[in-house]
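What follows draws every value from the coordinates through simple rules; no lab data is involved. Since we're looking at a predicted model, the values are computed, not measured. A quick note on method: Cβ atoms are made from the backbone with ideal geometry, for glycine too, and the neighbour counts reach across all protein chains shown.
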Amino acid sequence: MSKDILILGIETSCDETAASVVKNGREVLSNVIDSQIDIHTLYGGVVPEIASRKHTEKINIVIKEALKQADVTLDDLDAIAVTYGPGLVGALLVGVSEAKAICYAKNIPLVGVHHIEGHINAVYIEHKELEPPFISMVASGGHSHLVIVRDYGKYEVIGRTLDDAAGEAFDKVARAIGLGYPGGPKVDALSKEGNPEAIAFPRAKVENSVYDFSFSGLKSAVLNYLNKCEMKGETVNQADVAASFQASVVDVLVDHTVRAAKDYDIPVVTIGGGVAANSALRAGMKEACEREGLEFYYPSPVYCTDNGVMIAVAGYYEYMNGVRHGLDLNAVANLKLGE
């Protein structure tokens with residue numbers, strides 16, 4: 001019988017200090033997340049310096065709790081996986097430094113993980129039957145990627161945002177209509193009270209690049225609509241604005257993803273990242289996949305937002321592929337998938 005592989009995953013790329021122990025890449029033994037949302041809400045968005053300081057305060061506590069919940073010690077671990085990019089460089093450095101220190105002290109292998117890779121791998125947690133290849137659409141506050149997952153740890157990026165990420169657009173529109181931060185969940189909730197067809201916001205297409213995304217024009221269209229209403233003294237129906245904006249984002253994400261699955265003849269689609277928790281996106285993608293005869297998999301909301309589980313899962317498959325990093329591993333704020 002083969003030995004169980006235990007991976008500790010550490011995630012500090014933005015405003016969640018997270019750690020998790022995962023067995024054999026699919027069994028979650030612990031999942032500890034210390035969120036800073038309440039702090040950053042006061043400022044209307046993430047303040048990098050504050051995020052870094054809070055990670056420094058919480059990282060040891062979070063890791064100790066993850067080990068406790070999993071009923072393991074550092075000596076039981078086969079490797080430590082840590083997000084080393086992309087993200088806020090100060091925040092990333094906290095996790096990377098912590099992981100390197102533990103690996104050095106305990107002589108444990110170190111595996112650096114790309115943050116987007118983590119979001120792609122989150123879908124394995126609750127769908128143990130899922131195996132590559134598949135099309136993965138990852139949408140979050142900083143990223144919108146369309147990826148062909150050829151095999152475990154083998155990725156081909158075929159589309160990405162050329163300006164604003166989907167989650168970033170959600171945050172900016174939420175702020176513009178007075179919902180505050182974090183924008184995604186608040187827009188989603190308010191949209192349920194509005195008419196998604198009330199306002200004809202654009203569905204952006206990138207010429208000669210059918211899988212790329214662009215949400216800057218949509219964001220500008222919403223701001224222009226709000227400004228025109230203000231100039232004319234017209235009352236803004238916030239719910240209709242939220243619903244119409246959300247419908248535009250969802251339509252583009254669904255269209256590009258389904259198109260890619262059909263064009264590349266890959267009949268399996270997954271989603272990941274913070275925006276993947278959006279109820280309209282989940283429903284829209286499910287409906288489109290059923291219509292086109294595609295299999296559709298998605299993580300529970302807790303695994304869509306940043307967490308250590310997804311990093312441990314991704315780290316497991318990298319570890320099994322022989323990936324090891326030295327103690328010179330550094331944080332890379334703009335790390336590209338595949339580097």
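A few remarks follow.
- Dimensionless Rg over Rh [the chain; C-alpha; Kirkwood]: 0.99
- For the chain, the longest principal axis of the Cα atoms and the long axis of helix 166-176 meet at an angle of about 50 degrees.
- Cα gyration tensor category, rounded, prolate or oblate, for segment 75-158 with a/c compared to 1.5: oblate
- Anisotropy class assigned to segment 186-244 is oblate, per the alpha carbon gyration tensor with a/c at or over the 1.5 cut-off and a/b no larger than b/c.
- Inter-label distance for residue 157 and residue 104, nm, one decimal - labels placed 7 Å from Cα along Cα-to-Cβ: 3.0
- Per-pair calculated FRET efficiency, R0 = 45 Å: residue 290 and residue 336 via Cβ, rounded to 0.05: 0.85
- Rounded tilt (10° steps) of 48-70 against the dominant C-alpha axis of the chain: 50
- Zone residues, segment 304-326, relative to residue 24, backbone N less than 14 Å from point 7 Å out along Cα-to-Cβ: none
- Pairwise FRET efficiency - residue 49 versus residue 231, Cβ, R0 = 45 Å, nearest 0.05: 0.75
- Sequence-separation-based contact order of the chain, relative, with Cα cut under 8 Å and 6+ spacing, percent: 26
- Approximate shape of segment 132-298 as ellipsoid semi-axes (Cα gyration tensor, √5λ), whole Å, largest first: 29, 15, 14
- Counting only alpha carbon atoms, the long axis of helix 89-106 and the longest principal axis of the chain meet at about 20°.
- P(r) tail, segment 1-131: Cα-Cα pairs separated by more than 22 Å, 35% of all pairs.
- Modelled this way, with points 7 Å down the Cα-to-C-beta line, the labels at residue 264 and residue 302 are 3.0 nm from one another.
- Working ranking of peptides 123-133, 192-202 by packing, defined as the average number of other Cβ atoms within 10 Å per residue, highest first, is 123-133, 192-202.
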